[in-house]
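Student: Dropping a structure here in structure tokens format, bear with me for questions.
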Amino acid sequence: MDASLRSKAEQLASEMAGQARTAEDLNSLMRLMMKSALERMLNTEMDVHLGRATSSTADGTEEHLSETTPVTSGASTGSKRRPPNRRNGRSKKTVRGDVGDLTIATPRDRNGTFEPQLIGKHQRRVPGFDEKILALYAKGMTTRDIQEIIRELYDVEISATLVSEITTDLDTEVTAWRTRPLDPVCPIVYFDGIVVHVRGANGKVSQHTIYVALGVNLEGHKELLGLWLSENEGAKFWLACLTDLKNRGLSDIFVACIDGLSGFAEAIHAAYPQTRVQLCIVHLVRAALRYVSTEDSKQVTRDLKKIYQAATVLEAEEALEEFAQVWDAKYPTIAKQWRAKWTDIITLFDFPPPIRKAIYTTNAIESVNSVIRKFTRNRKIYPNEGSALKLVYMAIHEASKKWTMPIHHWKQALNHFAILYEDRLPELNRK
């Protein structure tokens, strides 16, 4: 909005404030303004359609185009003129918008060729109204919640079918996003799953897992790479997800950060043989504490911290041996499990300390999962798989608007990647 238009709007708002006595008075004035503005814009569209719009001439002055142009049927002097197109009254229809229901008069033309762009012939909602419903839907609100809010805010009744029609257009968008091409290299990718309840075709409700892949690109920005849905979280399906990423162009991952799912590391090595796997230390500590009594939990946690916060691999191995000597008699399973997964635990020691925290925890993807849970907590059961994926996509799409900054210490991490994986960085290959 330019300065002059803003000034006029402020002057008009001041006049309206002086005339309105209640919120309903103000709302009525707003409806009248919206109705008048829409009808005037539609009339302008009709003028353009009939050829009466103003156009600028070469010398900068304005001239009005004639409403009709004679059209001949042949070259002979006796050719007939086509009857001119002209206005043919108005038709009324009710549209829904931010200020409530509006009954507007849409101009018609004699030939029936006028196709209004502002509000189409079969359009029943003011532009922008659908976006508000989608925003409420993205917040995880149910259809009933949306109906009540629209009724309270705008005094407009909408049906569950209308909400469904508005959100159906998202299907194409979600499909295009899930099949979009990816960059060939993603230095860090976090993988995780979140459980939701979905009603199947037979009407039975069952647990499904939404698989999430969150990448950190070469600029250090977080980017959701993919969403998949399956009835069970397992390494076999993860392999299918990894294959999908590869088919869409992601040919190389430097470090894959995962939880302790059995067989997942093997699936990653099968799809990306050069990728280093880093197990989430937070998940490992939580798993260890399942075997520990409440009175010992703090001390066990402190001793485990000495392992993954060691300066070198050698110091970490010594810390693990010390842990085993202290706790094996009481909790023999913990050290045994860490030794079995040691190769995928010590990946973090390939990197300088400021970078280690970015890869030894899956906090980045846990924050994404928390966003999903926040937006989906009102949805106890999804009617189908498509609905679940659609809502999760919208939730993350909203959250990603805040992913404007690189992750902490990214420049330092990238320099380290450049040393470790010199032949795999695209920028270096082009030099």
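Student: For the list (1) open to solvent by less than 50 Å² (accessible area, probe 1.4 Å); (2) closer than 30 Å to LEU425 by Cβ; (3) in contact with a Gly (Cβ under 8 Å, 6 or more places away or on another chain); (4) not in a helix (DSSP H, G or I), I need the number of the one condition that GLU223 fails.
Tutor: (1)
Student: Select from segment 181-203 the residues that are over 16 Å from GLY386 (Cα atoms) and either out of contact with any Pro (no Cβ under 8 Å at 6 or more places or on another chain) or part of a strand (DSSP E or B) (or both) and list them in ascending order.
Tutor: Pass one, segment 181-203, residues over 16 Å from GLY386 (Cα atoms): 181-193.
PRO181, LEU182, ASP183, VAL185, CYS186, PRO187, ILE188, VAL189, TYR190, PHE191, ASP192, GLY193, listed by residue number.
Student: Something else: Mind checking which pairs have a first residue in segment 339-351 that is over 16 Å from LYS305 (Cα atoms) and assigned to a helix (DSSP H, G or I) and a second that is modelled with pLDDT under 90 and open to solvent by less than 60 Å² (accessible area, probe 1.4 Å), Cβ under 7 Å, 6 or more apart or different chains?
Tutor: Sorted first by the residue in segment 339-351, then by its partner, the pairs are ASP344/ALA265.
Student: Okay, moving on. Of all residues in segment 234-260 being touching a residue at least 40 places away in the same chain (Cβ under 8 Å) and open to solvent by 10 Å² or more (accessible area, probe 1.4 Å), which is farthest from the chain's Cα centre (by Cα)?
Tutor: Ranking the qualifying residues of segment 234-260, first place goes to GLY260.
Student: Go through segment 272-282 residue by residue and tally those that are within 25 Å of THR243 (Cα to Cα) and open to solvent by 20 Å² or more (accessible area, probe 1.4 Å).
Tutor: 3
Student: Just the residues that are under 20 Å from THR347 (Cβ atoms) and open to solvent by 50 Å² or more (accessible area, probe 1.4 Å), please, taken from segment 290-312.
Tutor: If the condition is that a residue be under 20 Å from THR347 (Cβ atoms) and open to solvent by 50 Å² or more (accessible area, probe 1.4 Å), then LYS305, LYS306, GLN309, ALA311, THR312 are the ones that fit.
Student: Still on this model: Considering each of ALA310, ALA288 in turn, give the residue that is among the hydrophobic types (A, V, I, L, M, F, W, C) and part of a helix (DSSP H, G or I).
Tutor: Step by step, each of ALA310, ALA288 is checked, and only ALA288 is among the hydrophobic types (A, V, I, L, M, F, W, C) and part of a helix (DSSP H, G or I).
Student: Counting just the residues of segment 369-389 that are within 14 Å of the chain's Cα centre (by Cα) and modelled with pLDDT of 80 or more, which one comes out most open to solvent (accessible area, probe 1.4 Å)?
Tutor: Here the residue is LEU389.
The values are calculated or read from the model by the stated rules, or taken from the named source; none is laboratory data. Bear in mind that the values here come from a model prediction, so they are computed numbers and not experimental data. Here Cβ is always computed from backbone atoms with ideal geometry, including for glycine, and neighbour counts include all displayed protein chains. Each accessible area value is taken on the protein alone, full model and side chains, heavy atoms only, with ligands, DNA and RNA left out. Shrake-Rupley method; radii C 1.70, N 1.55, O 1.52, S 1.80 Å.
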